[in-house]
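The values are calculated or read from the model by the stated rules, or taken from the named source; none is laboratory data. Predicted model, so just to flag it, every value in this text is computed and none were measured. Because the Cβ atoms are built from the backbone with ideal geometry, glycine has one as well, and the counts that use them run over all protein chains shown. Quick note on the areas: whole protein, heavy atoms, side chains included, nothing else; ligands and nucleic acids left out. Shrake-Rupley method; radii C 1.70, N 1.55, O 1.52, S 1.80 Å.
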Amino acid sequence: MSFSIPSIPSPWQPCSIQSTSNCAAILFSARNMPNAAGSALIFYVNGVRVEDDDFEPELSLLEYLRRKLGLRGTKSGCGEGGCGACTVMLSRFHHSTRSISHYSVNACLMPVAGCHGLAVTTVEGIGNSRRGLHAVQERLANFHGSQCGFCTPGIVMSMYTLLRNNPKPSFHDMDEYMQGNLCRCTGYRPIIEGLKTFTSEFQCCKGENGGECPCMNSADTTTPEEEEHPRLVQPSHLVPYDPTQEPIFPPELQAGSRVTWYRPASLDEMLRLKAAFPEARIVHGNTEVALEIKFKDCKYPVMISPTAVQELHQVKVGDNRVRFGGSVTLTKIQKTLQKEIDSRPEKETKVWVEVVEMLRWFAGRQTRNVSSVAGNVVTSSPISDLNPLFQAVQSRIFLQSSEGGREVKMNEDFFTGYRRNIIRPEEILLWIEIPTSSPDEVFKGYKQARRREDDIAIVNAGMFVRFQSGSKKVKDIRLSFGGMAPTTVMATRTRNGLIGKEWNEDLLEEALDLLKEDLPLDPGAPGGMTRYRRSLTLRHVSLRNLCASPSHPEFKAINSHSSCISFFYKFWLEGCRHLGLKLPPGTASVLGRYQKDFPMASQFFQIVPGGQPKWDAVGRPLVAKSAYHQATGEAQYLDDMPPRDNEAHLALVYSSRCHAKLLLVDPNSALGIKGVIGWVGPEDLPGTKNCFGDDPEGEPVFRRDKEAIKEREFYWEDWTELGDVDEALSQAPHVLEGQVRVGGQEHFYLEPQACVVTPQLEHDELLIYVSTQELSFAQKSVAKAMGIPFNRVTCKVKRVGGGFGGKVTRPMLFVIPAAVAARKFGRSVRCVLDRDEDMMSMGGRNPFLGRYKVGFTSDGKILALDLAMYANAGYSLDISHGVMQRAMSNVTNAYYVPNVRSKGYVCRTNISSNTAFRAFGAPQAMMICEQWMQDVAEFLHLDPVQVRERNLFKDGDQTHLFNYLTHCTIRRCWEECLRNSDFLYRRELANKFNRENRWKKRGIAVIPVAFRCAFVVQFMNQASALVHIYTDGSVLVSHGGVEMGQGLHTKMLQVASRALCLPISYFHTTENSTDLVPNAIGTGASMGSDLNGPAVIDACETLKQRLEPFMRENPKGSWEDWVKAAYFNRVSLSATGYYRTPGLGSDWKKGDNFSYISYGTACSEVEIDCLTGDHKILRTDIVMDVGESLNPAIDIGQVEGAFIQGYGLFVLEEVLFSPKGKVLTQGPSTYKIPGFGDIPEEFNVSLLKGSPNIRAVYSSKAIGEPPLFLSASVFFAIKEAVSAARQERNLSRMFKFDTPATAERIRMACQDKFTDKFEGEEPGTFEPWSIQV
């Protein structure tokens, strides 16, 4: 099969081809080569031949697939290769070996021009709902590994590529292939559970009773009784994977051709081209150039691809080195070196082992598959992971030009400045050699990043020492560091000073002073964290006394000198071990590599009663309704909608200043750009103008929250009080005061903000598709701005690719301009924000400051709390006052405090407006609560677990909002969690570990949650539904809740199933629309099921009442018979339903606006590296009260997903601004959400049994938000581990430790003699690179 792409209007400039010889060609822009001869791009997509001679060289494969081929299953999540949503598989035929290789790539970075002669496979090409799902798609869906589904196609394709290369991979293989993919919803556990069924470990040893595993290799013999077995998935129901049925490589591409349209076919040809165009960029994986074009607006009129130059792809293995051609990919280097490591003695492979280990953490698999070693060297990034290793061993490289070649060493003179080196413009890097090691040498590589997997380094290093034979004296030493200067830098003074010295503690003392001279770092250096960065590279030096006692920053610094020292100390220990010297007590554990075990997990839930009818879907772990379509790429998100005729695209113009007065707008420059049809501004608004925020005047350039507090710049303030707080504090035996900061958080939903607005032909009507959680708000906001009635605006949404509160109010910032433009120009207007635009403008979770005074008894009983909380709202109020109200409702978390005063202030600042975020202020207030609770325990020298337990709620307690507790299950959750986690025994083991290890520490913590459920505002606790029965008996359910991954549609169908006594196969939902269910409340506050479920039941009950006469007349008839009878008797088969939560008051201060409380408890254990601040979660146990679950699989997924998102909030994710207010964290390269490798090594979730909730649909409870705060158990486990380290120096266990608990904060809080060497600069004496607000 083959087809040609028709000529269609597009925003991309056509290109043409200029032949430069009989066997080679190079790509030129049509503007530069007007007389160029034409040629065609030829490749295959899902087995179909594509031939195109009208495309733009810089066009990415992603855009080509989505816009030109209409294959929209591949998603656009970030545009910088950081999330994996755009993963596809490329297949290449190698003529020299007559073999085919398959590799995953990020389509957003891959130029379509680079696909010439290749076969591309997308998620649509491996399976769909019509012809059948591929085993990967089917298992991912069946294991409940798809929630919002936006990340699912990319994850599917990563695993599919692995299976094409290895039908029986190991878990390590799977883990490596997943490193480049992110998911914001699931918590990763169900994805891993589904995909690990393909691994050899699962197939070999995961049988039910330890015998042969029958999971995918036997017939389905499940009995009805077995179907009720309490597990989320029945493995025997899964489709076996048959690798023999995969598509074949297109035979046409195996024929071969020496002439390619844009790439030289020989080395001589490439050298002539480089001589003619010395500034041309050589593009291999495009992982660097694509980002420069996108974020730096770089222009490259000439690009050369080296993929057909054989010499650049050669690998030559010698006795004392391996030589790699410049275009050899990092994946191939990894495989080649590993093969040599496996076959050679250890003494020869020390360097290769470290290179392979560093590549393990280098970006994601998709990036390593296409990135070349030459690209890594030539770009000369100061935070390159490989260049410090190459420099430390002084790798030889060969540079070639048309005039000749030269061999150079990567020594201290190789890098000449920021992203500059000694390579001349006309030269190419032909090869690089990585040498073997000798018995007298020690070589190590180090890297510290915010996240272990797929992250750029904060600081990295390569360290080499050669000892004199038979001696402990240093013959040569080379220490190379990245992230400490504008270039990869060699510590030359240190090298000269240590050569000839004996390897002992005196050498360490001397090295400290020398390294300080070698690695100076200005406190305002790019990346910040200067003290931490220095400590990593330098810090391990003063050991004499210690040994006796047991958009897109180039460098991310953290106090970096601390990091430098840590690395060197570890290296010194490695040298001691090599020489056979006795290591200082408790230090051996910091040596060696990070090992990731096969993850373990368990899920416990209550099965449905034995007498429940089979058709009753409630309580069963059903797969989410759209999971299969999400796994195949068929599920449609907003930007997957085909373009309308004459559709235009809206681009927002952002201010370059965070606080200024807009004096003049001159659009003429923009209007002169080809393709721009016009602009819209305030003068185009016919109705209410300026719907959001104010135009601030006379304020500081960048007002921060502390300045807002000082100037009392508050949008909103209020207070509540229970009891006599002042009297209770005055009488309390002990009183503590303190201050706590809780950092903000970026939503990082995988689907960016998007809308399509289409003007209708009459009556000023508008049809709007918008990715939002609240269609009614979009409807009324647009109508008010346009000056038209609400009924002229229809808003629709099929599904949302993650929302978390960020798609409630904030979409109006682009939906209203798009609507104005659509009416002004009379055409459809689409607006899809790039990830950096989204993160710059959409705001996030409100950062909080809490100031507390707490009174308590000597046994830890809390008597009184006086708390003031300040929330950073940003430049407008948005709904931050609601966030603060929710926060003030949760200031005591799950604890009884008889006297409470809570004051809340919403601060006006000049950053992007913050907005709703999952749990809506409660996590900030609860974190402040748990911080002072921990301080109370430490002050009294009591066990924090006992202090928390002593103060837990119980039935009959009065909360600080004056209501009395009933059906309180927190103590049940607490006790069950302690029992399930074996807490007491494991804490003893952790204490033993801490006594035996100086630089590794473990901590374990237990944290409760009591989350008040309902919207804070009374009127919002209502919902409507519309249910249609068609004459064939099928049922269509519409309701006001938006599906965004939380399984709401699936639960509503389960509810309808029970209400109408029908199997769930009868039911269907379509898109949400304001003309189906008007005035719908936004989907949030975990109220989706609680509100919409009863509304659906109400509509179903109406329909059942209408059908009852016909059921009585024909009791033996079928459902279809009764429906037809009603229809022929002119009975309406359509009904609306309505529900409002009963018994709610309107005064949030009295607590009567909450329906009930959800309870839970989590226990987490962590291990930290005191020298670097790195950590890992060893185990987490959760017990969550969800009432009687509507769907245990969905609810457990929500628990896990919320926990991991909260873990990001409290530990990993850090929102940074420049001192002038620019958002520095604008994408996955600078903002790190948890990845596959960050989840607990053991993750156990139990749903509390026997806890029905009479206040919600079918005795269930809210689930989306309550579990999020349980992730604080990780934070406090880290704090316990840090406290253990501090105790060894007799430092106080009470110390300031704000969120997030980044590697920098963990390292600096451990506070040892290394960190003491680097005092922080006095605030005000320098301008910091970044600020956390």
Over the stretch 294-397, what relative contact order in percent results from Cα pairs under 8 Å that are six or more residues apart? 23
Can you spot the aspartates and glutamates whose alpha carbon is less than 15 Å from Lys409's alpha carbon? Ignore those fewer than 8 places along the same chain. Glu433
Round to a whole number: what % of the accessible area of the chain belongs to carbon and sulfur, probe 1.4 Å? 50
Could you let me know the centre-to-centre spacing of the stretch 72-114 and the stretch 723-752, using Cα atoms, in angstrom? 48
Longer than 30 Å from Cα to Cα, which of Lys661/Lys780; Lys501/Lys582; Lys784/Lys1261; Lys661/Lys710 are they? Say none if no pair is. Lys784/Lys1261
Largest to smallest accessible area among Arg420, Arg845 [probe 1.4 Å]: Arg420, Arg845
Extension length gain for His967 and Tyr1138 (0.36 nm per residue less Cα distance), in nm, is 58.9 nm
What are the lysines whose alpha-carbon lies under 16 Å from the alpha-carbon of Lys1296, with same-chain residues fewer than 8 places away excluded? Lys853, Lys1279
Can you give the accessible area of Lys294, probe radius 1.4 Å, in Å² rounded to 10? 70
Can you give the net charge of the other residues whose Cβ lies under 14 Å from the Cβ of Ala728, counting K and R as +1 and D and E as -1? -2
Residues of the stretch 1058-1095 with amide N under 14 Å of a point placed 7 Å along Cα→Cβ from Arg792: none
Rg over Rh [alpha-carbon atoms, Kirkwood Rh] for the stretch 314-438: 0.95
Dividing the Cα radius of gyration by the Kirkwood radius, what Rg/Rh value follows for the stretch 885-940? 1.04
Would you mind putting 912-922, 870-880 in packing order, based on average other-beta-carbon counts within 10 Å, highest first? 912-922, 870-880
The pairs in Lys75/Lys335; Lys516/Lys1313; Lys196/Lys570; Lys339/Lys1000 lying past 25 Å Cα-Cα in this model are Lys75/Lys335; Lys196/Lys570; Lys339/Lys1000
So how strong a dipole does the stretch 1191-1333 carry about its Cα centre when Lys and Arg Cβ are +1 and Asp and Glu Cβ are -1, to the nearest 20 debye? 320
Based on Cβ point charges of +1 for Lys and Arg and -1 for Asp and Glu, what charge dipole magnitude is obtained for the chain about its Cα centre, in debye rounded to the nearest 20? 1240
Pairs of lysines in the stretch 1115-1238 (C-alpha under 24 Å apart; 8 or more residues apart or interchain): 4
Can you tell me the relative contact order of the stretch 776-892? Whole percent, Cα pairs under 8 Å, sequence separation 6 or more. 16
Averaged per residue, the 1.4 Å probe accessible area of the stretch 322-368, protein heavy atoms only, in Å², is roughly 33
Spatial separation of Cα centroids for the stretch 148-195 and the stretch 857-892, in angstrom: 40
How high is the FRET efficiency from Arg1130 to Val239, r the C-beta distance, R0 56 Å, rounded to 0.05? 0.75
If you wrap a convex hull around the alpha carbons of the stretch 941-1020, what volume per residue comes out, as a whole number of Å³? 153
Would you mind computing, in nm to one decimal, how far apart the modelled labels at Phe993 and Ser730 are, each placed 7 Å from Cα along Cα→Cβ? 4.9
Where does the chain land at 222 nm, in deg cm²/dmol rounded to the nearest 500, when only DSSP H runs of n ≥ 4 count, each adding -39500 (n - 2.57), divided by all residues? -8000 deg cm²/dmol
Taking only protein heavy atoms into account and a 1.4 Å probe, give the accessible area per residue of the stretch 1247-1333 in Å². 36
At the level of C-alpha centres, the distance separating the stretch 1057-1120 and the stretch 928-975, in angstrom, is 41
Using a 1.4 angstrom probe, figure out how much accessible area the stretch 894-1051 has per residue, in square angstrom, rounded to the nearest whole. 31
Find the Rg to Rh ratio for the stretch 562-662, where Rh is the Kirkwood radius over alpha-carbon pairs and Rg uses the same atoms. 1.29
Of the candidates Phe467, Leu109, Met1184, the farthest towards the positive dipole end of the chain (Lys/Arg Cβ +1, Asp/Glu Cβ -1, centred on the Cα centre) is Phe467
